[in-house]
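Below is one structure, written out as structure tokens, with a few remarks after it.
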Amino acid sequence: MAIEYLKRGKSDADRAEDDAKTRAVVEATLKDIETRGDAAVRELSEKFDNYSPASFHLSQQEIDDLIAQLSDRELADIKFAQEQVMNFARAQRASMTDIEVETLPGVILGHKNIPVQSVGCYVPGGKFPMVASAHMSVATASVAGVPRIIACTPPFQGKPNPAVIAAMHLGGAHEIYVMGGIQAIGAMALGTETIDPVHMLVGPGNAFVAEAKRQLFGRVGIDLFAGPTETMVIADETVDAEICATDLLGQAEHGYNSPAVLVTNSRKLAEETLSEIDRLLGILPTADTARVSWQDYGEVILCDSYDEMLQVADEIASEHVQVMTDRDDWFLENMTCYGALFLGPRTNVSNGDKVIGTNHTLPTKKAGRYTGGLWVGKFLKTHSYQKILTDEAATLIGEYGSRLCLLEGFVGHAEQCNVRVRRYGGINVPYGAPAPYRDAAE
């Protein structure tokens, strides 16, 4: 095995140090929000967004006025993208059925899929107004049937962004707040004097938003750890440097800490991509951001074989994985750790981010090892139930249950079973004794 790094990003130690600083800031900020509520939220908004309106909650009139600022074309484009996301979410929802089965005569088991009762959707928008994120969280929650959906987004250039607000409203948000960062996450999860807390938080964000969700997990549910964007390009000589470099920088422009990784078995493609990235950084309007991300978090990894490429990809478990090889379906069949796959040169991560219909809120920081991305099922809780309809079934299950409880030493548990055996089976079981064994012949 000969895996060679032609370019490395920040070391794991440096990244861990950055994470530790973020953790401390978030912990102190959340404590302040919990203690002082609306006053803390307002101070944070003034400090970080220079924004302090009479109310962070938008009225229906304010929403209507903002939507009216969009052109017919802009509104139609938003509706088109939202419909693609909702169509796929509806298909996913249809795949999740309630069940009820009779596992033994008279024994009924089932489960129901029940929507989370309140969800807070965070839509990033400080650097770029993330219109599409509203479809992914708000519209998907709406398809799931969540009865209370609140949405938060930071001001963009000092005021609410009309396109983001339109997407939130059209997606089905019941309450819309213009606030961002830790203060938005804290307000939704912890509640303030003017905001009732939610049961679950969803949506991507920067490192501070992701860490706030992590610290609040348990107190509320979260979708997943969706921090700064990550992208990986898996490519061989079936594609060229221009498309690889474009796909890497297209995600690196998100922020200053967005990992972008090329995994290839072609030294020629690797070297040409490095050169092409330098060329594109000279003309890309967002190069100030993308250049820092590429310098600190960009990597080029040269492998000897497709098997090595697969191994490296699964170890990194990137959020977005663009596969452009002579065996794309082989990667689809064999990859196990990632956020979402984008197969073949005709598709790209921007498709998934903005319009194609799959959800773009995806696991980062190796979370793809144990979870997939946000989808309609994340807003549903699968709850089981059971019922016994006959005396015979109550006696049979009770007898097994009695003996198995005592096997573990739980006398009180066993007596729950025994009382049914006595009542419905007419079998006299002494208190705390195991139910008798009846073989099949009896």
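Condition test on Gly352, is it at pLDDT below 95 and open to solvent by less than 20 Å² (accessible area, probe 1.4 Å)?
yes
Those residues that are open to solvent by 80 Å² or more (accessible area, probe 1.4 Å) and in contact with a Leu (Cβ under 9 Å, 6 or more places away or on another chain), I need them from region 59-104; list them, please.
Lys79, Glu100, Glu102
Based on what the data block shows, is Pro345 closer than 30 Å to Gly145 by Cα and assigned to a loop (DSSP other than H, G, I, E, B)?
no
Within region 338-349, count every residue that is among the β-branched types (Val, Ile, Thr) and open to solvent by 60 Å² or more (accessible area, probe 1.4 Å).
0
What tally of residues in region 23-58 results from selecting those that are among the polar types (S, T, N, Q), over 18 Å from Gly227 (Cβ atoms) and either open to solvent by less than 70 Å² (accessible area, probe 1.4 Å) or in a helix (DSSP H, G or I) (or both)?
4
Can you find even one residue in region 293-307 that is in contact with a strand residue (DSSP E or B) (Cβ under 8 Å, 6 or more places away or on another chain) and open to solvent by 70 Å² or more (accessible area, probe 1.4 Å)?
The answer is no; no qualifying residue exists.
Among the residues that make up region 57-74, is at least one of them touching a Lys or Arg at 6+ places or on another chain (Cβ under 7 Å) and modelled with pLDDT of 95 or more?
Scanning region 57-74 turns up no residue that is touching a Lys or Arg at 6+ places or on another chain (Cβ under 7 Å) and modelled with pLDDT of 95 or more.
Can you tell me how many residues in region 325-337 are crowded, with 17+ Cβ neighbours inside 10 Å, in contact (Cβ under 8 Å) with a residue 60 or more places away in the chain and assigned to a loop (DSSP other than H, G, I, E, B)?
Total satisfying the criteria: 1.
Against the definition (in contact (Cβ under 8 Å) with a residue 40 or more places away in the chain and surrounded by fewer than 18 Cβ atoms within 10 Å (Cβ to Cβ)), how does Ser318 come out, yes or no?
no
Taking region 1-22 on its own, how many of its residues are under 20 Å from Asn206 (Cα atoms), modelled with pLDDT of 85 or more and surrounded by fewer than 16 Cβ atoms within 10 Å (Cβ to Cβ)?
Number of matching residues: 2.
Filtering region 387-442 down to residues that are under 42 Å from the mean Cα position of the chain (by Cα) and part of a loop (DSSP other than H, G, I, E, B), which residue is farthest from Leu104 (Cα to Cα)?
Gly409
Is there a residue in region 130-144 that is of a type outside the set (Gly, Ala, Ser), in a loop (DSSP other than H, G, I, E, B) and surrounded by fewer than 18 Cβ atoms within 10 Å (Cβ to Cβ)?
No: zero hits.
Suppose we filter Ile114, Ile150, Ile182 for residues that are open to solvent by less than 20 Å² (accessible area, probe 1.4 Å) and more than 30 Å from Ala16 (Cβ to Cβ); which single one remains?
Matching residue, one of Ile114, Ile150, Ile182: Ile150.
The values are calculated or read from the model by the stated rules, or taken from the named source; none is laboratory data. Source: prediction; values computed, not measured. Note that each Cβ is placed from the backbone with ideal geometry, even for glycine, and that neighbours are counted across all protein chains shown. The area values use the complete protein model at the heavy-atom level, side chains included, leaving out ligands, DNA and RNA. Shrake-Rupley method; radii C 1.70, N 1.55, O 1.52, S 1.80 Å.
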